[in-house]
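Participant: Handing you this structure, nothing more for now.
No value in this document is a laboratory result; all are computed from the given coordinates. Keep in mind that this is a model prediction, so the values were computed, not measured. Quick reminder, even Gly has a Cβ in these numbers, built from the backbone with ideal geometry, and neighbours come from all protein chains shown.
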Amino acid sequence: MRAAGWKWLIARRLSQAFFVALFLAGPLAGLWVVEGTLASSLTLGVLPLTDPLILLQSLLARHWPEATALLGAAIVVAGYLLVGGRAYCSWVCPLNPVTDAAHWLREKLGLREGVTISPRLRLWVLAGALAASALFGTLAWELVNPVTITHRALVFGGGLMWTVAVGIFVFDLAIARRGWCGHLCPVGAAYGLIGKGSLLRVSAVRREACDDCMDCYAVCPEPRVLTPALRGKAKGFGPVILSGDCTNCGRCIDVCPQDVFGFASRFDKREQTIGQQQGEYVP
Amino acid sequence: MTGPGEKKTVDRREMLAGGVRAVCGAGFFALGLGMLGRQAETRAAQSLRPPGALAEADFLAACSRCGLCVRDCPWDTLRLAGIGDGAALGTPLFTARAVPCEMCQDIPCVVACPTGALDHRLTDIKQAKMGIAVLVGQETCLNFLGLRCDVCYRVCPLIDEAITLERSHNERTGKHARFIPTVHSDKCTGCGKCEKACVLEEAAIKVLPAELALGRLGGHYRLGWEEKRKHGESLLKDIIDLPDRGYGDGTATPYGGAERGANGAFKEFKP
Ligand code: SF4
Ligand code: SF4
Ligand code: SF4
Ligand code: SF4
Ligand code: SF4
């Protein structure tokens, strides 16, 4: 791998650390830039944000929230419509470093076996959680949501609640490859639905240069999403990765020795042909 | 050999089976969550909600567990429920005996709540109903024993409204008075200052959620004297007024002519 192959990964880790620091600066250092948690927060006393999935559960449970929460969720949805739905997963979510660490260790230890779970299962988990909210009139997913439980543990002190994050780590390490974020998490599924329409996407702009080294498939947390964009030209697929499951992590951009990938707008159908890029190589 | 048509049926059947499996799985999962949700609705008696909290079931449909109310409470009264706190995980609560609510005039916790789980229509903290104080320890309360402690009464932010001292006879000594701390549920906000301050090792006065603290008459129940007052006269006319039996020598004493007060009771009782 080239030296430049870490840019987006490092940026992403910095972003994750930044968001943790942002929420912890108040309780630890008295710097109240942000109050609250990822469920609902208030930045600098003016910017309200609310998790849209929590708001949706609340609406289904037949509670009509205050305007603050409605506005907060609208801002969050708008934001992720810009930067990519599951950018939440790879740039913000406190569980992502946990599952990435589990995955890293899994590879290091050469653990290959594990149960196979359909990546569509998370949509059914999401459906089940929303149905339960509607049927039982309660924020059903928030009773067990490992994402918000972990974030609350981080910001307000967790005690026993840390076992949830540990459980997710063990699950991803020993039971299923990228089991949680890639297959089960309904929060990711919900942001993935937002991602179906989001503006910033990864594009295989130079897909003609791909030499099938498979490096991107090896690092991508959702390898299925690569195929249409990378290899689907003959079938009429454009170079932009349109699947909402792509987390905009940028890892494929990092590792590709042929510089195939780059961030692009979803409407940017352009493609660089090898001829344009490297004049001398026109066959 | 399977023909193309046959293959299609198999595919369709498999898809159907997969769909049924997924729907059943999601349904099963939803039921599990629902059961957990019911379980989470039971709240420990000492876990009190912040001012303005909606009724428990509605509260659990509204509160995003964000902790903004906790952050804005200047007295660090509130905290988010952890495991074993006897309330749905992550929801805000306080324990009166640990840190009571100081009844802030501007109610910052309610103002901070983005979801309305704490009802923004609560603007006068005196109208809050976090619970109702009940003097449960009538065998240990010092005032009940005939001493003058009065601490719970003195600390109440709504002294002489939410809690009063009611005089009664001390039967033990035969000549002293007892001053019984008496909570008035229409005024008590459930702030918990009294429970916090009670001088006993285990508080004799405790704030309980209203549904535990108060009795409720059956919906059909009518109080005769109130109905009579509303009506202006007895609802039952021409009933035979049988002579009441007095205490005296055992003979029946007619009271028809005795004088009655405004509430219809006899002014004097002379058997
Ligand atoms: S396609 Fe690239 S950006 Fe999208 S999830 Fe995979 S590695 Fe990350
Ligand atoms: S009224 Fe004041 S003391 Fe009571 S819970 Fe709210 S912020 Fe805290
Ligand atoms: S501020 Fe409102 S939504 Fe947030 S934890 Fe408190 S009661 Fe719940
Ligand atoms: S809880 Fe106690 S101190 Fe608070 S208002 Fe009621 S009687 Fe007064
Ligand atoms: S503070 Fe406790 S012991 Fe004293 S009068 Fe009140 S309830 Fe009784």
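Participant: What Rg and what Dmax come out for chain B when only alpha-carbon atoms are used, in angstroms?
Facilitator: Looking at chain B, its Cα Rg and Dmax stand at 29.4, 112 Å.
Participant: Local charge sum around B:H184 (other residues, Cβ-Cβ under 12 Å, Lys/Arg +1, Asp/Glu -1)? Could you put the intermediate results ahead of the total?
Facilitator: Working: positive: B:K187; negative: B:D160, B:E161, B:E166, B:D186.
Summing Lys and Arg as +1 and Asp and Glu as -1 gives -3.
Participant: Given the C-alpha centroids of the range B:18-46 and the range B:184-209, what is the distance between them in whole angstrom?
Facilitator: 36 Å
Participant: Moving on. Roughly what percent of Cα-Cα pairs across the range A:134-283 reach past 18 Å?
Facilitator: Values: 7316 of 11175 pairs.
Within the range A:134-283, distances greater than 18 Å cover 65 percent of Cα pairs.
Participant: Across chain B, where is the longest run that never hits GluC sites (Glu not before Pro) in a DSSP loop with at most 11 other C-beta atoms within 10 Å?
Facilitator: That would be B:1-138.
Participant: Follow-up. So how strong a dipole does the protein assembly as shown carry about its Cα centre when Lys and Arg Cβ are +1 and Asp and Glu Cβ are -1, to the nearest 20 debye?
Facilitator: So the magnitude is around 1260 debye.
Participant: If one computes the Cα centroid of the range A:212-255 and of the range A:100-169, what distance in Å separates the two points?
Facilitator: After rounding, the separation between the Cα centres reads 25 Å.
Participant: Next question. Based solely on its DSSP helices, what 222 nm [θ] is calculated for chain A when runs of n ≥ 4 H residues each add -39,500 (n - 2.57) and the sum is averaged over all residues, nearest 500 deg cm²/dmol?
Facilitator: Here the helix-only value at 222 nm equals -13500 deg cm²/dmol.
Participant: Give me the count of lysine pairs in chain B whose alpha carbons sit under 21 angstrom apart, restricted to pairs 8 or more positions apart or on different chains.
Facilitator: Lysine pairs satisfying the spacing and distance rule in chain B number 15.
Participant: A further question follows. Note the count of lysine pairs whose C-alpha atoms are less than 22 angstrom apart in chain A, limited to pairs 8 or more residues apart or on different chains.
Facilitator: On the way: A:K7/A:K108; A:K196/A:K233; A:K196/A:K235; A:K196/A:K269; A:K233/A:K269; A:K235/A:K269.
Close lysine pairs under the 22 Å cut-off: 6.
Participant: Please identify, among B:F59, B:F28, B:F144, the residue showing maximal mean-square fluctuation in a Gaussian network model of chain B using a 10 angstrom Cα cutoff.
Facilitator: Highest fluctuation among the options: B:F28.
Participant: Above 39 Å lies some portion of the pair distances; for the protein assembly as shown, what is it as a whole percent of all C-alpha pairs?
Facilitator: On the way: 70938 of 153181 pairs.
Result: 46 percent of Cα pairs exceed 39 Å.
Participant: Something else about it: Please build a GNM for chain A, connecting alpha carbons under 10 Å apart, and tell me which residue among A:R62, A:R12, A:R266 fluctuates the most.
Facilitator: In this elastic network of chain A, the residue with the biggest mean-square fluctuation among A:R62, A:R12, A:R266 is A:R62.
Participant: Per DSSP helix of 4 or more residues, -39500 (n - 2.57); summed, then divided by the residues of chain B. What does that give at 222 nm, rounded to the nearest 500? Provide the component values of the computation, followed by the final result.
Facilitator: Working: 8 runs with 77 residues, N = 271.
Using -39500 (n - 2.57) per qualifying helix, the result is -8000 deg cm²/dmol.
Participant: Still on this structure, please answer the following. Counting other Cβ atoms within 10 Å, keep those with at most 13, restrict to DSSP loop, and tell me which trypsin sites (Lys or Arg not before Pro) in the range A:90-195 are left. Please report the intermediate quantities before stating the final value.
Facilitator: Numbers: sites: A:R106, A:K108, A:R112, A:R120, A:R122, A:R152, A:R177, A:R178; in loops: A:R112, A:R120, A:R177, A:R178.
Loop-located and lightly packed - A:R112, A:R120.
Participant: Please average, across the residues of B:18-27, the number of beta carbons from any other chain that are within 10 Å of each residue's own beta carbon, and give a whole number.
Facilitator: Counting Cβ atoms of other protein chains within 10 Å of each residue's Cβ and averaging gives 4.
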